[in-house]
Structure formats: C-alpha cells, structure tokens
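The values are calculated or read from the model by the stated rules, or taken from the named source; none is laboratory data. Just so we're clear, the structure is a prediction, and the values are computed from it rather than from any experiment. Counting neighbours? That spans all protein chains shown, and the Cβs are built from the backbone with ideal geometry, glycine included.
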Amino acid sequence: MALNSRISRRRLMAGAGLAAAAAFSPLGPASVFTPSRADAASGKLIPTGKLGTITYSQRDVPTRVGIAGSAALGVAPTMGYLGGPNFPADPNDLGPLVPLPGGWLELFEFLAASGFKQIEFAGYGQHAANPGGAAPNPAPGGVTTAESRAAYLAYARTLRGFLDANGLQAIGNHGFVPNTWNGPNSPGGAMTTADYDRLQLELEFAAVLGMSYMGTGSDPTSANNRNIEPWTVAGEKWEALNTISVRSGIQMYTHNHAPAYNFLQDGPMVTVTQDRITGAPIAPTQVRGESGKRLMQHYLDITNPDLVVVEMDIYWAHVAQHQHRWRYDWEGNRVEDIFDPLAQVAKQTKRYALFHAKDGDATAQPDGVGDGYTMIPFGDPRSDIDYQNFFKNVGARGFHNPNYEQDNAPGGTADPGRSLRFSKISASGMASLRG
C-alpha cells in the first residue's frame, strides 16, 4: 500500500493513540533506561548499561574475514595489535601481533569484553565467510518479496542471537528511510508501495533485534537549504514516519551534524554590508534575515515531543559552536550569537534520546574557519570537549543513549587493529566519567 500524502496533524496524532504514548514513556523499560543504584552511588555519568558504540567506528571489522571464517576457509587471518597487558591505560602498549576479529559475532565478543553494552548499527552487512553469512537483500530490484522478507528476518534472528550471547542490546541503526516521500503536504507526496513495504520490513527487522529506535545518519532535510519552508516540511515528514513506526514499538530519529545548528533563514530579505565571519566591509548584498533560531530547533518546535526524537553528535555540535557564530538579523546587522550544545539539549533533554559521543582535539583555526576540532578516541588526554560537564548538567541522568563514534578510527592495512584499540580506549574513557 502507499501512504496518502494528505494527512492532517490531528490525524497523525490520533493515529499514534494512547497505546503508543504509553509505549514511549520517557524512561522506557527499566532494564534499559534506568541507571542502577550502584552506578548512581559511584557517580557514573554514563550508566554501565548505557555504554554504547555505533559500528561505523569499527566498520572495517564486519567486512573482513574473521578468525573463525579464516579457519573455515583455510587461509591466514588478518593480523594486528589489540593492546598489551597495560592497555588502554598505556595506549602505546600495543601488545603482540595477534589474529584480529572479523564479522559480527567476533566484533560483538570484543566490544562486550571491552565494556560496551549497547550497539547502534551503521548497516547490517558483513563478509559472507563469517558466522551468520552475508546480509540478504531485503528488496531485490527494489521490491520486497515473501522470499526476501523471510531471508532478511532470518538474518535478523541470527544477529539477535549474537547480541544476546554477548549480553548486548541493539539501540538503533543508521539505515533505510523512504526517499520517495517528502512529507504529507509535499507535492506528489505519496510514499510508493515499494518504499512502504521496505519500511515495514526494516521496522520488523529492528523489532527482532530489540531496538527502541531506528534512524538515519542524516539531517531531517538538506541543511544546505536554510530556509524555513523545507525544514517545516521535514518536520511533517518525520512526525508522520514516527506515527507509522510506533506501531512497531520503535521511534525513528534523525542525526545532526554541524550544519543543522546553523541559523534558520526565517525573515525578510535584507541588505548586508559586512562579511559574516570577519566583519570586514563587503559590497551591499541581499540575504534573508535570521531571527537567531537554529535549523534543528525549528524542527523540534514543530514536531510532537511525544513522538519525535533526535540524535546529537556532540562533536559536530561543538564544530557548530566554532563555525556558526554570527548571523544577519532582520535589519541586516551582523550579530554574534554563539551556539551552546549543552544548553541546546538541557532545555529539551528528552528530545535528544541518543548521542554520538565523539571526542575532539581543538585546532588553532580562527573562529568561523574550518571545523575547529580533529577527532580522537573518547577520553584521550588531548580532549577539548568537556564531556564531564555535558553529561553532568544535561538533565535526565540515565535516560540518554550515548554511542562512541570516531570516523577516523580504522587504520587500514597499515594498522588493521586500530579501530578495536580505539574502541577499548573509548569504552574505558566513557566508563570513567564521574560527576
């Protein structure tokens, strides 16, 4: 079936119903969302059961042939360094050259042994030679069939078995979101039957894994367009998607990068005569004025707080603080207006159900130039992101789901064990936060 594009806000909310609202109590299942008394007594800022990672950080591991797969094929395993007896306290203690894990089962074993409890997937694929085999195509030729559905869900049950065997919980995924539908009020806005069927299958897959959330690694809409109108349409789309997903017991979330915290263009056209970053004189230029509201805040303001949640990448939020410091007001004046990631979350803390806990080392770049940070393992001594203050003051302690991420963790063929070593360092860094 296709989803009709003309759905009112009232019908969307009615569709969710009281059962959906009850299913998404802000604290959720006690085993997942409630910090233990021991964690509270120790002052842990990230409860033991909430210590997570997104597998994009270890994306080289599922795709290589692991130890068991290499033995079955009769080939030599990939060798690398996972750390010696003083690792991770001494990150230079690389230890001996050892066979490296590969595939989901061996990755989960390693992550669990490192202290992680939650897994956010960045796709489900792995090398076919590893236990569980390759991920089946859920929609061959773009069409979900009875056969592809059965094979895909069988694979989900296999992954769930791997998670359960290692005491891990799937918390989310950066995966499929329908791209043929831009929201209930968009032109020609009906979702195709193929996309609707695929969405239902992905929700079923996520439910088998036990996920509370399913999402995307992207913003709600292109942040390159800062006009208010497309962000309003995006809010309508994601509210409607959540009305569908709550029937499966899942909330759908979007991800944030630095552009999502740029200024919304929501005012009249104005003439500006100063460079936005430097303040230097420029030729009179027409731009759209900015009230000071950020793109993501508009998205949150227009969506139902009981349905729609988001995931903040804390690193990229600090990049936004570095980059998006000046705006043009509705009179064309250049105004300094510095973004505060902590304040952004704290005023609506339960809208930010998930985080990417990505650490950063500040660069010497001037304000407004470049990213302002480079990525490092979580808790690295070079860190210039005050995670202790963030998690101490963000509110609703024990509610959020922080997932370690580091885009540059894999070391390639020169150092194939690096993403796993960085994961172990980061698990230790997250577990040691106190406040």
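Numbers for the structure displayed
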| item | result |
| --- | --- |
| The stretch 128-177 - residue that is hydrophobic (A, V, I, L, M, F, W, C) and under 23 Å from L241 (Cα atoms) and, of those, nearest to the chain's Cα centre (by Cα) | I171 |
| Test: residue in the stretch 228-242 that is without any contact (Cβ under 8 Å) to a residue 24 or more places away in the chain and over 30 Å from Y155 (Cα atoms) | yes |
| From the options G183, G188, G217, residue that is over 20 Å from the mean Cα position of the chain (by Cα), buried (at least 18 other Cβ atoms within 10 Å of the Cβ), part of a loop (DSSP other than H, G, I, E, B) and at pLDDT below 95 | G183 |
| Complete set of residues in the stretch 386-422 that are outside any helix (DSSP H, G or I), among the charged types (D, E, K, R) and out of contact with any strand residue (DSSP E or B) (no Cβ under 8 Å at 6 or more places or on another chain) | D386, R397 |
| Residue match in the stretch 269-283 (condition: under 17 Å from N227 (Cα atoms), assigned to a strand (DSSP E or B) and either without any contact (Cβ under 8 Å) to a residue 40 or more places away in the chain or of a type in the set (G, A, S) (or both)) | yes |
| Criterion (assigned to a loop (DSSP other than H, G, I, E, B) and surrounded by 22 or more Cβ atoms within 10 Å (Cβ to Cβ)) met by exactly one of V75, V61 | V61 |
| Candidates Y387, Y299, Y315 - the one that is at pLDDT 95 or above and touching a helix residue (DSSP H, G or I) at 6+ places or on another chain (Cβ under 6 Å) | Y299 |
| So A165, is it surrounded by fewer than 19 Cβ atoms within 10 Å (Cβ to Cβ) and on the phi < 0 side of the Ramachandran plot | yes |
| Failed item in (1) farther than 24 Å from Q58 by Cα; (2) buried (at least 22 other Cβ atoms within 10 Å of the Cβ); (3) without any contact (Cβ under 8 Å) to a residue 60 or more places away in the chain; (4) aliphatic (A, V, I, L, M), with V308 passing the rest | (3) |
| Pairs where the first residue, in the stretch 111-138, is among the β-branched types (V, I, T) and the second is surrounded by 17 or more Cβ atoms within 10 Å (Cβ to Cβ) and assigned to a loop (DSSP other than H, G, I, E, B), C-beta under 8 Å, 6+ apart | I119/T55; I119/L168 |
| Matching residues, the stretch 234-258, being crowded, with 19+ Cβ neighbours inside 10 Å and farther than 22 Å from R198 by Cα | N256, A258 |
| Which listed residue is surrounded by fewer than 24 Cβ atoms within 10 Å (Cβ to Cβ), at negative phi and either of a type outside the set (D, E, K, R) or modelled with pLDDT under 95 (or both), from A396, A362, A427, A357 | A362 |
| Long-range neighbours under 7 Å by Cβ, at least six apart or interchain, first residue in contact (Cβ under 8 Å) with a residue 12 or more places away in the chain within the stretch 393-417, second surrounded by fewer than 19 Cβ atoms within 10 Å (Cβ to Cβ) and of a type in the set (D, E, K, R) | A396/K350; F399/K350; P410/R59 |
| Qualifying residue in the stretch 339-347 (condition: over 23 Å from M430 (Cβ atoms), over 21 Å from the mean Cα position of the chain (by Cα) and either assigned to a helix (DSSP H, G or I) or of a type in the set (F, W, Y) (or both)) | no |
| Any hit, the stretch 120-134, residues being assigned to a loop (DSSP other than H, G, I, E, B), more than 25 Å from G161 (Cα to Cα) and either among the aromatic types (F, W, Y) or at pLDDT 95 or above (or both) | no |
